[in-house]
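Have a look at the structure below, then the notes.
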Amino acid sequence: MAVCARLCGVGPARGCRRRQQRRGPAETAAADSEADTDPEEERIEAGPARCSLLELPPELLVEIFASLPGTDLPSLAQVCSRFRRILHTDTIWRRRCREEYGVCENLRKLEITGVSCRDVYAKRINPRVKSGRFMKILPDYEHMEYRDVYTCLLHRYRHILGLWQPDIGPYGGLLNVVVDGLFIIGWMYLPPHDPHVGDPMRFKPLFRIHLMERKSATVECMYGHKGPHNGHIQIVKRDEFSTKCNQTDHHRMSGGRQEEFRTWLREEWGRTLEDIFHEHMQELILMKFIYTSQYDNCLTYRRIYLPPSHPDDLIKPGLFKGTYGSHGLEIVMLSFHGSRARGTKITGDPNIPAGQQTVEIDLQRRIQLPDVENLRNFNELSRIVLEVREQVRQEQEAGEGPAPHREPAVKDPEGPPAKASKEAGPGAEAAEQSSTSGQGQPFVLPAGVSSRNEDYPRTCRLCFYGTGLIAGHGFTSPERTPGVFVLFDEDRFGFLWLELKSFSLYSRVQATFQNADAPSPQAFDEMLRNIQSLTS
């Protein structure tokens, strides 16, 4: 404390100039005659002349203050009037916006306005091209200060940045809230059109937040077809918030519900209802439109995290797009929990809603597929899988291990790495050798097994026994049935549903998400339990 106080020129140190000014000549002389017992102060006295922080040039103070977290700067402004004046320098807050929230100069093109923020900025402040349209829908960049952007926009809404799952009944969804230029935008991520599971994700804006006026953040609903309009966001708690549209008439189309349905169908499925010949699929599509359109973007969102990665994981965990028959493509989160892997639905359907565990893989029960000719015979594959299920049942009755069909307790992701089990059969060693050599093993779907996407890989690395969750409409009579988890490569896997004679192909979501990592493995496990309990 004495060293810091003397460097700053303030504080209780015996050499403090402020105290020396209050002393008389006699007191000062007496104090100087006393022995200094602080060896650190002796070294300072013998060194160069002392310099106070207050004596540093303004440009150096700006550089120092700009390196501090933005949350510490308000307290620093209370030290003295000089600090307060320097902290009004916009360069400081501009750097904090860039380093803490990713605000950059080269703002990418926004699909909302059709022009880049830089172009909008130029049009907004140039009197010759100033227009009422830009005055209404874009921030007042002419009087914008990064200090206001930081305090009134970024810091105020920092808790909603990241990944979220909307509460839309069984359908769920994936919302990514990001800082985009001088906006905070909520992008709804949508799977590609069925059955093109390898295509990139689609996304559309649901809301955006910006400073329409200085120190006043404006929330705008982007849902509908008539442009931005008034909305509202309420942060219920740290991991939950809700949106509300105050002008739902902007969601309506002049042609009525039929035109809205046709537009939604083109966006959601990339086709017309006449192109879909399957009657059951038509019913499911119409049901989803009726159910989801009633919310009018008035939704509650719950935070979700990306699964933590461990060096012993079979592949990198994360989000995947998967085919689900007549329900189309859905988003699944693959996570690893010791000797088991789980696929949790982020988007769902009336049979298996969002939040439920769609597949579970026993990484200790490896399956060696027969040769290609025998693999084409569904009965041969069924025999192999049912033998493994019988072993699982016997171990369960003997109390030797958990049953894959039972809903397991959440385990520590730091558990032991998956190893080949003795029950995996004599082909396990061959599978291990083929996987390490990079050759893989031939794969083809057995005769009679349906797949929405026939463009699946014809070579796989490994196969494991697993169970898939099936249920009736409305999540009635749910049960776990045996199946085969097929690992193709780092970004693709499949699951063969034995009872349904159906094959689902999954492809990794190739996107980078910010503010989506779980603070701890326990927080991720708790998140999985929470989203599953909502639909149980």
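So here's what we get for this one:
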read-out	value
Any hit, the stretch 466-473, residues being of a type in the set (S, T, N, Q) and over 26 Å from K316 (Cα atoms)	no
Among residues of the stretch 481-521, those that are touching a Lys or Arg at 6+ places or on another chain (Cβ under 8 Å) and under 23 Å from Q391 (Cβ atoms), counted	2
Only one of L61, L73, L107 that is in contact with a helix residue (DSSP H, G or I) (Cβ under 6 Å, 6 or more places away or on another chain), of a type in the set (A, V, I, L, M) and at pLDDT 85 or above	L61
Selection within the stretch 148-162 - farther than 21 Å from K244 by Cβ and buried (at least 21 other Cβ atoms within 10 Å of the Cβ)	V149, Y150, L154
Extreme residue, modelled with the lowest pLDDT, among residues of the stretch 163-172 that are open to solvent by less than 40 Å² (accessible area, probe 1.4 Å) and of a type outside the set (A, V, I, L, M)	G169
Given (1) without any contact (Cβ under 8 Å) to a residue 24 or more places away in the chain; (2) surrounded by 14 or more Cβ atoms within 10 Å (Cβ to Cβ); (3) over 30 Å from E526 (Cα atoms); (4) not β-branched (V, I, T), number of the condition P228 does not satisfy	(1)
Pair list, Cβ under 8 Å, 6 or more apart: the stretch 477-490 residue in a strand (DSSP E or B), other residue aliphatic (A, V, I, L, M) and open to solvent by 40 Å² or more (accessible area, probe 1.4 Å)	T481/L500; P482/L386; L487/L314
Residue satisfying all of: in the stretch 271-281; within 20 Å of G256 (Cα to Cα) and of a type outside the set (K, R); modelled with the highest pLDDT among these	T272
Residue in the stretch 356-373 that is out of contact with any helix residue (DSSP H, G or I) (no Cβ under 8 Å at 6 or more places or on another chain), assigned to a loop (DSSP other than H, G, I, E, B) and either open to solvent by less than 20 Å² (accessible area, probe 1.4 Å) or of a type in the set (K, R) (or both) present	no
Selection within the stretch 499-536 - closer than 30 Å to R376 by Cα and of a type in the set (F, W, Y)	F503, Y506
Cβ-Cβ under 7 Å pairs, at least 6 apart or on other chains, the stretch 268-279 side open to solvent by less than 50 Å² (accessible area, probe 1.4 Å), far side among the charged types (D, E, K, R)	W269/D194
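Okay, residues lined up against (1) crowded, with 20+ Cβ neighbours inside 10 Å; (2) part of a loop (DSSP other than H, G, I, E, B); (3) under 22 Å from the mean Cα position of the chain (by Cα):
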position: C298; (1), (2), (3): no, yes, yes
position: H310; (1), (2), (3): no, yes, yes
position: D313; (1), (2), (3): no, yes, yes
position: K316; (1), (2), (3): no, yes, yes
position: E330; (1), (2), (3): yes, no, yes
position: R342; (1), (2), (3): yes, no, yes
position: N351; (1), (2), (3): yes, yes, no
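The values are calculated or read from the model by the stated rules, or taken from the named source; none is laboratory data. Because the structure is predicted, anything quoted here is derived from the model rather than measured. All Cβ positions, glycine included, derive from the backbone under ideal geometry; neighbour counts span all protein chains shown. The area values use the complete protein model at the heavy-atom level, side chains included, leaving out ligands, DNA and RNA. Shrake-Rupley method; radii C 1.70, N 1.55, O 1.52, S 1.80 Å.
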